[in-house]
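The values are calculated or read from the model by the stated rules, or taken from the named source; none is laboratory data. Since the structure is predicted, the reported quantities are computational estimates derived from the model, not experimental observations. Don't worry about glycine lacking a Cβ; one is built from the backbone with ideal geometry, like all the others, and counts go over all protein chains shown.
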Amino acid sequence: MIDRNVTPCGKRGNNLQSVDVPAFFGLGGALAACLANGRRPIESYRDSLATLKTLLAELFAGDFEQRMERAAPAASHLLGLIEVISDRYRYDLSAILGDEELREFTEACGALDRGITRDLGRAAVYYLEAKGGFDARKLISGADEVFGESRDRLPSEAVHDIDQAGTCLALSLATGAAFHIVRATKTVIKCRIEALGGEAPTGYERNLRGYVRALGGMSDGGQKYRLEPLLEVRQDPVSDPEVTMTMAEAVALWATCTDAIQSIIDQHDFGKCARAKLKKLQQSA
C-alpha cells in the first residue's frame, strides 16, 4: 500500500509514502491477543507481547515515525509500558496485571489504534502488485537501488529519471515508465560519450539507437557494453511522443535499459571521466 501525496519538504504531517501491510496486520493481531488475555497470567500472552514490542520498534522508526504524527507518540508510549511490564514481571510470568496497570495498557492500545486510523485515513492508498518480478515497494521507494554500490556513479539526472520510471512501473503507467528509463539510459550514454571527448547525436539521430551507435563507434579502449539489445528497441518514447507501450513491453524495456546502464557505470573510470568532464565544463563557464 502506498500514498503518493508526498511533498519534498519532509516535514512532520506529510502523507505516508509506503505502508507495510502484513506488519500492520501482525500488529493488530498482537494487540488483540494481548487485550483478550489481559486478565490472565502474563505467560498466556507473553509471545504476543514480545511480537507487539518488536513490531512497534520496527514499524515506527525513521521517516515513517515522522509521517505517522498521531500514531508514533502513542506507539512510543505503548512500547515504554511494555518494557516496564516486561522488566517488572521478568521472573514472575504467572502474575496478572493489576487493575491500574491493565487500564493504562488498554488505554495505550486504544490510543495507538485511533492514531493509526487517523494517520492512514489521510493517505490516498493504492494496492500494488509486483511488476514482472520487481517488488513494487522498491520501485516506489528508490528504483535506483537496483544498481547497488554502483548507484553513486549515476548522473543526478539519470537517478531522477530512474526513480520516476520505477514509480510509473509500479503504478502501471507503462508509457511513462518507458519514457523515463529511456531518457535515463540516454543520459548515461551521453555522459560516457562526452567523457571520451565526443558529442551526443543531434537531429534525427537523437533517439536511443542513435546514441547507442554513437558510443559504439568511439574508441574506448576495448570496453564492452551490453548495448546491442537497445538497437532492437524500435520505438523511442522520448523522441516520439506518439509512442505508447504495454506493461509487458515496459517491463522488458526496464530490464534491458538497466542492464545497459549497469554495463556502462561499472567501468572503473566512469565516475572519474564524468567528474573530469564536469570540471572542464565548469572551467569554460
>> So Ala248 ticks every box in (1) under 21 Å from Ala170 (Cα atoms); (2) modelled with pLDDT of 90 or more but one. Which box is left unticked?
In response: (2)
> Do the conditions hold for Tyr45, that is, is it exposed (fewer than 13 other Cβ atoms within 10 Å of the Cβ) and of a type in the set (Ser, Thr, Tyr)?
Replying inline: no
> When residues of segment 131-144 are filtered for being among the small types (Gly, Ala, Ser) and either crowded, with 22+ Cβ neighbours inside 10 Å or part of a helix (DSSP H, G or I) (or both), how many remain?
Replying inline: 4
>> Name the single residue that is farthest from the chain's Cα centre (by Cα) among those in segment 145-172 being under 13 Å from Lys186 (Cβ atoms) and part of a helix (DSSP H, G or I).
In response: Glu157
> Do you know which residues across segment 148-166 are surrounded by fewer than 24 Cβ atoms within 10 Å (Cβ to Cβ) and touching a residue at least 60 places away in the same chain (Cβ under 8 Å)?
Replying inline: Ser150, Asp152, Arg153, Pro155
> Any idea which of Thr175, Thr187 is among the β-branched types (Val, Ile, Thr) and more than 17 Å from Ala250 (Cα to Cα)?
Replying inline: Thr187
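On the basis of being modelled with pLDDT of 90 or more and of a type in the set (Val, Ile, Thr), does Val146 make the cut?
On the way: modelled with pLDDT of 90 or more: no; of a type in the set (Val, Ile, Thr): yes.
No, not satisfied.
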> Can you tell me which residues in segment 171-185 are in contact (Cβ under 8 Å) with a residue 60 or more places away in the chain and buried (at least 21 other Cβ atoms within 10 Å of the Cβ)?
Replying inline: Ala174, Ala177, Ala178, Ile181, Val182, Ala184, Thr185
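Answer yes if at least one residue in segment 186-195 is without any contact (Cβ under 8 Å) to a residue 12 or more places away in the chain, more than 24 Å from Met247 (Cα to Cα) and outside any loop (DSSP other than H, G, I, E, B), and no otherwise.
Taking every residue of segment 186-195 in turn, none turns out to be without any contact (Cβ under 8 Å) to a residue 12 or more places away in the chain, more than 24 Å from Met247 (Cα to Cα) and outside any loop (DSSP other than H, G, I, E, B).
Looking only at segment 223-242, decide whether some residue is of a type in the set (Ser, Thr, Tyr) and modelled with pLDDT of 85 or more.
Looking only at segment 223-242, we keep the residues that are of a type in the set (Ser, Thr, Tyr), and these are 225, 239.
Applying the additional criterion that residues be modelled with pLDDT of 85 or more yields none.
The answer is no, given that none of the residues of segment 223-242 is of a type in the set (Ser, Thr, Tyr) and modelled with pLDDT of 85 or more.
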>> Exactly one condition in (1) in the same structural domain as Phe105 (by TED's automatic domain parsing); (2) modelled with pLDDT under 90 is false for Ser44; which is it?
In response: (2)
